[in-house]
Structure formats: C-alpha cells, structure tokens
Amino acid sequence: MQQIGLVKLRSTLSASEASLKGETAAFLDKLNADKRFVFVKPKGQYPTLFLVLTGGSEEYFLDLYAKHRPPYLIMPTGERNSLAASLEIMAFLKRKGLPAYLLYGSDQASMLKEAVNAYNALSYLRSSRLGVIGGSSSWLIASKVDPKAVKAKLGVSLINVPIKEVLGYYDQHLLSDEGLLTRFESKTRRKEELRDALYVYGALKKAVAAHSLDGLTMKCFDLISARQVTACLAFALLNEEGIVAGCEGDIPSALTMMIAYALTGAAPFMANPANMDVEAKEAVYAHCTLPLSMVKDYSLATHFESGLSFALRGQLDKTEITAIKLAPDLSFIRAIEGRIIANPAEARLCRTQIKVRFEEDIVPLLQNPFGNHLIFAYGRHKAEIQTLASFLGL
C-alpha cells in the first residue's frame with residue numbers, strides 16, 4: 001500500500017461544524033475504496049495531498065506550503081466552495097513557478113493513482129545516474145543536451161564514462177555468469193562470437209558498478225569499430241534487468257527510457273522510423289536491440305549496418321502501446337497512444353520491427369520531430385506522462 005501524507009484545509013468559520021468531519025471521512029472512504037492508499041501524517045519521502053474542504057482555506061495553505069516538498073497535489077471535495085479555494089491556491093503556486101496538480105473531475109481516485117505514480121517516478125529520476133559512454137554519435141546533430149539543465153529539470157546526473165574504460169573491461173573477458181552462454185547457445189552456431197558479445201555485457205556491468213549507474217547510453221558504433229562486436233545483446237540483457245540501456249549515445253532517448261521505466265516499471269523499446277503513412281496514422285519502427293523482457297520469442301541475427309556480431313529479432317506483442325519522447329531542450333514530453341498491429345521482417349531494416357497504428361495525427365512526428373528515435377512502452381500511459389510533465393514544469 002502506498003502511503004500518502006494528508007493535509008486537510010478548511011476555514012476558521014467551518015471549524016465548529018460537526019457535519020464536516022463525517023463528510024470528510026465519507027469522501028476519503030470513497031476516494032480509497034480499493035484500499036490502495038494509507039493516509040498518514042505528512043513525511044518528506046511520501047507525496048502530500050492537500051485536501052481542500054471549504055472555501056476560505058487559502059490563507060492556511062499559505063502558512064503551510066513551504067514546509068512541504070513539491071509537486072503540490074491539490075484536491076477539492078467539490079463541496080462548500082472548495083473548488084474556488086483550490087483554484088486560488090493553484091493560481092498562487094503557478095505564479096510562484098511551483099509544480100502543482102489539481103485533482104478534480106469525475107474520477108478523482110484514478111487521478112490520485114496517476115499522480116502518485118508520477119510522484120514516485122519523479123523521485124526515481126531525482127536520484128538517478130545516467131552513464132554516457134563515449135559521448136553521442138556524430139549524426140545526432142539535434143540531440144544534444146545541457147547536463148546542468150538535465151540535473152535541474154529532471155534531477156538526473158549525467159556521468160561521462162570514457163569508451164576506453166569500457167574497452168579495457170571488455171579486454172578483461174568478464175563473464176561472471178557462464179549460464180548466459182547456455183541460455184543463448186541454442187540461438188546460434190557462432191559460439192565464439194556469442195562469448196565476445198557477452199563480454200560486452202560483462203564490461204558494461206562493471207562500468208555500471210564502478211560509477212553507480214542506474215542506466216547508460218553508449219556510442220556503440222565506436223565499439224564495433226574498435227572490437228568488431230556489437231552491444232545489442234548486452235543492452236537487451238541490461239534492460240531486462242532494469243538497467244536502462246540506450247543506443248548511439250542518444251541522451252534524450254535514454255532519458256525518455258528512464259522516464260518510461262520509472263512510470264511503468266518495465267523496460268521500453270527504442271527504435272527509429274522506417275516509413276510513415278500519415279493518412280492511415282501508421283508507421284514502421286525498427287532497431288537491432290530490445291529488452292528481452294518485452295518478447296516471448298526472439299532470434300539472434302547479425303547487426304544490420306555492420307553485418308557483424310549479433311542483433312536481436314524479436315516479436316513484440318500486438319497490443320496497446322504508448323510512444324514517448326522527451327524534447328532535447330527539455331521543454332516538452334510527447335506521448336501518443338496506439339497499437340502494434342504487425343511485426344514485419346524486412347531485410348533492409350534493423351532486425352526488430354513493429355508496425356504501429358496511432359490514435360492521433362502523426363504529422364507532428366514528421367514536422368516537429370525530437371530527433372530520430374522514439375520510445376515505446378506497452379500499455380496506455382499518456383495521462384501519467386502528462387501528469388509527470390506538469391510536475392516537471394513541462
């Protein structure tokens with residue numbers, strides 16, 4: 001059960017009204033009908049809900065708000081002018097530039113669940129460290145970020161890791177789990193190349209431990225040039241373990257992957273578009289790695305661009321997805337819901353391919369792209385992403 005700090009706001013004039021206590025208890029019982037939450041005295045590690053019971057309670061919020069960590073969750077009961085008071089509080093917070101979210105509508109319980117999930121995701125981001133191994137690929141000309149802005153806005157620390165360090169770990173032939181060989185041997189006859197690909201996994205695991213990383217992105221084509229081996233299998237394993245691993249040193253995409261993981265608890269799929277049909281709202285996306293946790297079946301192929309080492313060809317579920325991307329200037333998080341309708345197998349594309357039918361106009365993906373990659377998470381998460389965006393001031 002999720003603990004939530006509860007602050008009840010009411011006016012002095014209502015303090016003596018005996019009926020208000022019963023109304024409040026009934027409201028909270030309805031709000032927590034599925035017993036998902038435990039309302040407690042506010043503590044720093046939990047989200048705080050400001051329950052606005054009456055009008056005239058704004059001045060009490062003014063006395064209290066600075067003692068609590070944002071974002072501020074403001075919920076009116078809808079009775080006794082509580083909505084009017086809540087809007088005054090929201091306007092005050094917005095004027096201060098403080099993140100706030102009004103939980104008012106036909107299903108306040110669902111809104112609270114989304115808000116708490118977004119709050120927990122924000123807490124994860126605030127303490128996370130993303131390793132940038134070797135910098136960004138030269139073709140990512142629109143995907144540069146300001147590390148100080150990333151820290152200030154998201155709370156994520158970007159940790160530069162030299163590619164030479166990881167190459168050094170690779171040359172140590174680190175393979176802590178011999179069982180991994182057994183796991184993948186049935187997928188290929190190239191046993192020595194398989195061992196080499198798993199040495200990349202061992203090297204990245206050592207880098208993760210050495211720098212206390214929660215995720216990483218790597219200029220992976222430098223690895224191909226230096227050692228004729230890919231990181232595709234290593235990334236698949238790391239993502240399966242909950243260590244976000246993104247390709248090509250694409251920092252905005254890796255940050256988006258961290259956001260998706262924080263909100264859903266599952267690793268997402270990073271891919272680039274192959275073709276798009278604006279009229280049908282359909283597009284094909286592909287990449288040479290994906291989290292093994294996303295697929296029931298997969299095969300090992302060669303890497304598309306180099307023809308070397310290993311890539312993964314996986315069959316993703318034909319189910320609802322959310323496509324997500326953080327703008328490189330950290331001004332906006334895009335989220336579009338849709339459904340995977342096919343797993344193509346075109347020879348001249350990266351090995352894992354999905355055909356997606358989106359639920360809304362995809363012209364912005366063409367006319368206002370946030371770089372060439374998009375991140376896909378199973379399920380419908382647009383509302384949670386929008387809530388998190390409001391917490392981040394996006």
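Three principal axis extents of segment 244-299 based on alpha-carbon atoms, in descending order, are 33, 29, 23 Å.
In this structure segment 311-391 gives 41 Å² per residue of accessible area when probed at 1.4 Å with all protein chains present.
Excluding same-chain residues fewer than 8 positions from residue 151, which aspartates and glutamates have a Cα within less than 16 Å of its Cα? Here the aspartates and glutamates satisfying the reach criterion relative to residue 151 are 214, 329.
Determine the per residue accessible area of segment 70-133 with all protein chains present and a 1.4 angstrom probe, expressed in square angstrom.
Numbers: 2630 Å² over 64 residues.
I get 41 Å² per residue for segment 70-133.
Sorting the segments 35-45, 341-351, 285-295, 125-135 by their mean number of nearby beta carbons within 10 angstrom, highest to lowest, gives 285-295, 125-135, 341-351, 35-45. Couplings 3J(HN,Hα) of segment 231-246, computed from phi: 9, 4, 5, 4, 4, 4, 5, 4, 4, 4, 7, x, 9, 4, 10, x Hz, in residue order, whole Hz [Karplus 6.51 cos²θ - 1.76 cosθ + 1.60, θ = phi - 60°; x for Gly and Pro]. Farthest towards the positive end of the charge dipole of segment 87-226, among the residues 213, 198, 166, is the Cα of 213, using unit charges on the Cβ of Lys, Arg, Asp and Glu.
Placing R0 at 22 angstrom, the Cβ-Cβ distance between residue 363 and residue 386 gives a FRET efficiency of 0.65 after rounding to 0.05. Note on segment 144-216: the alpha carbon radius of gyration divided by the globular reference 2.2 N^0.38 Å gives 1.41.
For segment 64-106, count the residues as N, evaluate 2.2 N^0.38 Å, and divide the Cα radius of gyration by that value, please.
Output field value: 1.13.
When 298, 124 are compared by accessible area of protein heavy atoms, the largest-first order is 124, 298, using a 1.4 Å probe. Fully extending the segment from residue 317 to residue 34, taken as 0.36 nm per residue of separation minus the present Cα-Cα distance, adds 98.9 nm. Here's how it looks for residue 39: its modeled amide H is under 5 Å from those of 4, which are all 5 or more places away or on a different chain. A value for Kirkwood radius over Cα pairs in Å was derived from the coordinates, and within the list (1) 23.8; (2) 25.7; (3) 22.8 it appears as (3).
Per-residue extension of 0.36 nm, minus the Cα-Cα distance of residue 138 and residue 275, leaves a gain of 47.0 nm for this segment.
Residues 10, 69 ordered from highest to lowest accessible area at a 1.4 Å probe: 69, 10.
Hey, what did segment 228-314 get for relative contact order, percent, Cα under 8 Å, at least 6 apart?
Values: 133 pairs, mean separation 28.2, N = 87.
Relative CO of segment 228-314 lands at 32 percent.
For segment 22-97, a simple Cβ point-charge model (Lys and Arg +1, Asp and Glu -1, everything else neutral) yields a dipole of about 420 debye relative to the Cα centre.
Ranked from largest, the principal axis spans of the Cα set of segment 100-244 equal 59, 35, 27 Å.
Whole-Hz Karplus values for segment 221-229 come out as 5, 5, 5, 4, 5, 7, 10, 6, 9 Hz, taken residue by residue from phi with 6.51 cos²θ - 1.76 cosθ + 1.60 and θ = phi - 60°; glycine and proline positions read x. Across segment 30-160, the convex hull enclosing all Cα atoms gives 153 Å³ per residue.
Extent along the principal axes, Cα only, for segment 214-313: 42, 31, 28 Å, with the longest axis given first. Shown in residue order for segment 111-121 are the 3J(HN,Hα) couplings computed by the Karplus curve 6.51 cos²θ - 1.76 cosθ + 1.60 at θ = phi - 60°: 5, 5, 4, 5, 5, 5, 4, 5, 4, 5, 5 Hz (x for Gly and Pro). Of all DSSP beta bridges confined to the chain, the antiparallel ones make up roughly 55%.
In segment 322-394, the C-alpha radius of gyration followed by the widest Cα-Cα span (Dmax) gives 13.5, 43 angstrom.
Kirkwood hydrodynamic radius (Cα pairs, Å) of segment 34-98? Could you put the intermediate results ahead of the total?
Values: mean 1/r = 0.0798 Å⁻¹.
For segment 34-98, the Kirkwood estimate is 12.5 Å.
The aspartates and glutamates whose alpha-carbon is closer than 19 Å to the alpha-carbon of residue 187, local same-chain residues fewer than 8 away aside, are 177, 178, 196, 240, 297. Ligands, DNA and RNA left out, the accessible area of the chain computed with a 1.4 Å probe is 50% carbon and sulfur.
The values are calculated or read from the model by the stated rules, or taken from the named source; none is laboratory data. Just so you know, these numbers come straight off a predicted model, no measurement behind them. A quick note on method: Cβ atoms are made from the backbone with ideal geometry, for glycine too, and the neighbour counts reach across all protein chains shown. Just so you know, the surface numbers come from the protein's heavy atoms only, side chains and all, with ligands and any DNA or RNA stripped out. Shrake-Rupley method; radii C 1.70, N 1.55, O 1.52, S 1.80 Å.
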